[in-house]
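No value in this document is a laboratory result; all are computed from the given coordinates. Because the structure is a prediction, the values reported are computed rather than measured. So basically every Cβ, Gly included, is an ideal-geometry build from the backbone, and we count neighbours across all protein chains shown.
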Amino acid sequence: MSLFTEKTGLLKALCGLCLFAFLSTDAAFALGAGGEGAVLTNFQLFEKISKEASQEIVAGVEAKAPDGLIVVTKVKGAGDADFIFEDALVARMREVGFRVTATKPNEAAAAVDSVGYAVSYRIIRLSLTYSRIWRHHWFGGKMVDRLARATVRAQFLERGTGTVLAVVESQKTYSDTIPYSKLGAVEEKQYEFTRPARDEFRMAKIVEPVVVAGIVTGLVYLFFSNQSNK
């Protein structure tokens, strides 16, 4: 009888430990992932890669040392997040001392004979995706891999002659991994581009109930086994 009691006691302890680990895994991984520093919001990721891309574009233009008004024109955009790059580009150009004005494409074409310089740019890509949604060890904490990308190509030319002085292309990426539980905090309702599609692996929804059911069944079995042996 004592041997049976020792075995059942050990099994109950193991089942309880498994259940505790299962319930606390998400919280543990969430704390671990967020403990290294504040998590950037999705909007801040767009700002980060836009700022880095604009710095590279301006560096290519700055090498020509323009002296005069620079007209900045977007020739082609990539989507609703374009304004983030546009703001970053103009801000960077002013930081280095350029005199800048922004125009629409048709206005720039009408003013081609004007004095000064022009920077026309194409935003080829400005995007954020959840490249992978996954779990640690099947039923562990759910995590999200984020990937932000920016590709911009710009031409710097003399407006009076149309002479192309420089062609610059910038490609920037940023990737990280955050807990799934933080998605609500990093996404913003007013900007749809900060809420990319969530392509989740659905097998976890099957595995989780099976694991929990197995633990609960084991505990119930041990309980009634004890009762029948008293």
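Legend: residue pairs Lys48/Lys172; Lys142/Lys172; Lys76/Lys104, Cα-Cα distance threshold 19 Å; pairs beyond threshold, Lys142/Lys172.
Here the residues Lys48, Lys74, ranked from fewest to most Cβ neighbours within 10 Å of their Cβ, fall in the order Lys48, Lys74. Hydrodynamic analysis of region 38-197 uses the Kirkwood radius over alpha carbon pairs. Inserted into Stokes-Einstein at 10 °C and 1.306 mPa s, it gives a translational diffusion coefficient of 93 µm²/s.
Which order, highest average first, do 115-124, 94-103, 168-177 follow once you tally other Cβ atoms within 10 Å for each residue and take the mean per peptide? Intermediate values should be presented prior to the final figure.
Numbers: 115-124: 19.7, 94-103: 13.2, 168-177: 15.5.
Sorting 115-124, 94-103, 168-177 by mean packing, highest first, produces 115-124, 168-177, 94-103.
Counting other beta carbons within 10 Å of each residue's own, what order do Lys104, Lys182 fall into, fewest first?
On the way: Lys104 10, Lys182 16.
With the fewest neighbours first, Lys104, Lys182 line up as Lys104, Lys182.
Suppose R0 equals 35 Å; then what is the FRET efficiency for Ala102 and His137 from their Cβ-Cβ distance, rounded to the nearest 0.05? Present the calculation step by step, with values, prior to reporting the outcome.
Details: r = 52 Å, r/R0 = 1.48.
Once rounded, the FRET efficiency stands at 0.10.
Using only alpha carbon pairs under 8 Å that are at least six residues apart, calculate the relative contact order of region 38-197 and give it in whole percent. The value is 28 percent.
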